[in-house]
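Here the structure comes first, spelled out in structure tokens, and everything after it is commentary.
The values are calculated or read from the model by the stated rules, or taken from the named source; none is laboratory data. This structure is a prediction, so every number in the text was calculated from the model and none was measured. All Cβ positions, glycine included, derive from the backbone under ideal geometry; neighbour counts span all protein chains shown.
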Amino acid sequence: MAAVLETITVPRAAGFPAATLAPIASSSVSALSARRKSINLPEFRGLKIQSSSSTRSLGSTSSRAIRRRGGIVCEAQDTAVEVPSITDATWQSLVLESDLPVLVEFWAPWCGPCRMIHPVINELAKQYAGKLKCYKVNTDESPSVATRYGIRSIPTVIIFKSGEKKDAVIGAVPKSTLTTSIEKFL
């Protein structure tokens with residue numbers, strides 16, 4: 001049996017009068033509690049509480065057991081798409097020898113705009129599943145591929161078809177820009 005989490009009430013500093021943000025030493029704790037406000041967040045139905053009654057032992061020396069009452073489960077986990085990484089070793093087989101067009105994102109973990117474009121690439125991978133393959137290349141771990149294609153700025157998204165570079169988009173661009181580029185080669 002699963003119960004849906006309906007609403008979560010979270011106190012927020014923006015919801016407090018300015019006087020309550022002063023140090024506790026200057027006002028009483030009960031006065032703070034009396035003035036505290038809360039806000040209601042919009043309803044979200046993606047998480048459910050899953051009840052279970054499994055028992056786990058804490059070890060051979062302890063006779064106590066932990067009874068787990070349930071956990072929170074994200075129902076959207078089956079729809080998540082993780083864009084696979086490629087390296088110098090897998091580049092030839094996954095990109096250049098692919099029978100489908102391939103979108104490759106060149107990125108690095110320290111790059112802020114790269115983190116902004118990751119969700120867009122994930123959405124495109126899901127949207128074009130079966131028509132387009134999507135991969136990502138960490139330029140710090142696979143510098144020879146990045147050098148071969150003249151990657152000087154990241155994020156850079158390159159579309160390959162029949163092993164040839166067809167188009168490149170540099171920077172954290174909107175999804176519509178990438179979609180327009182993809183549609184030319186499908």
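Looking across the stretch 142-182 at every residue that is under 17 Å from L94 (Cβ atoms), touching an Asp or Glu at 6+ places or on another chain (Cβ under 8 Å) and without any contact (Cβ under 8 Å) to a residue 60 or more places away in the chain, the one that is surrounded by the most Cβ atoms within 10 Å (Cβ to Cβ) is identified as V157.
For the structure I just gave you, tell me whether K133 is touching a residue at least 24 places away in the same chain (Cβ under 8 Å) and surrounded by fewer than 19 Cβ atoms within 10 Å (Cβ to Cβ). Break it down stepwise before answering.
Working: touching a residue at least 24 places away in the same chain (Cβ under 8 Å): yes; surrounded by fewer than 19 Cβ atoms within 10 Å (Cβ to Cβ): no.
In short, no.
Just to be sure I understand, how many residues within the stretch 106-123 are crowded, with 16+ Cβ neighbours inside 10 Å and among the aromatic types (F, W, Y)? Counting residues in the stretch 106-123 that are crowded, with 16+ Cβ neighbours inside 10 Å and among the aromatic types (F, W, Y) gives 2.
Is it fair to say D99 is in contact with a Ser or Thr (Cβ under 6 Å, 6 or more places away or on another chain), not aliphatic (A, V, I, L, M) and not in a helix (DSSP H, G or I)? First the steps, then the outcome.
Working: in contact with a Ser or Thr (Cβ under 6 Å, 6 or more places away or on another chain): no; not aliphatic (A, V, I, L, M): yes; not in a helix (DSSP H, G or I): yes.
No; evaluated as a whole, the condition is false for this residue.
Residue-by-condition table, conditions (1) among the aliphatic types (A, V, I, L, M); (2) outside any helix (DSSP H, G or I):
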{"position": "C134", "(1), (2)": "no, yes"}
{"position": "A146", "(1), (2)": "yes, no"}
{"position": "I159", "(1), (2)": "yes, yes"}
{"position": "K166", "(1), (2)": "no, yes"}
{"position": "L186", "(1), (2)": "yes, yes"}
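Y149 - would you say it is assigned by TED's automatic domain parsing to the domain that holds D88, over 24 Å from the mean Cα position of the chain (by Cα) and either under 12 Å from V102 (Cβ atoms) or not hydrophobic (A, V, I, L, M, F, W, C) (or both)? When the stated conditions are applied, Y149 passes them.
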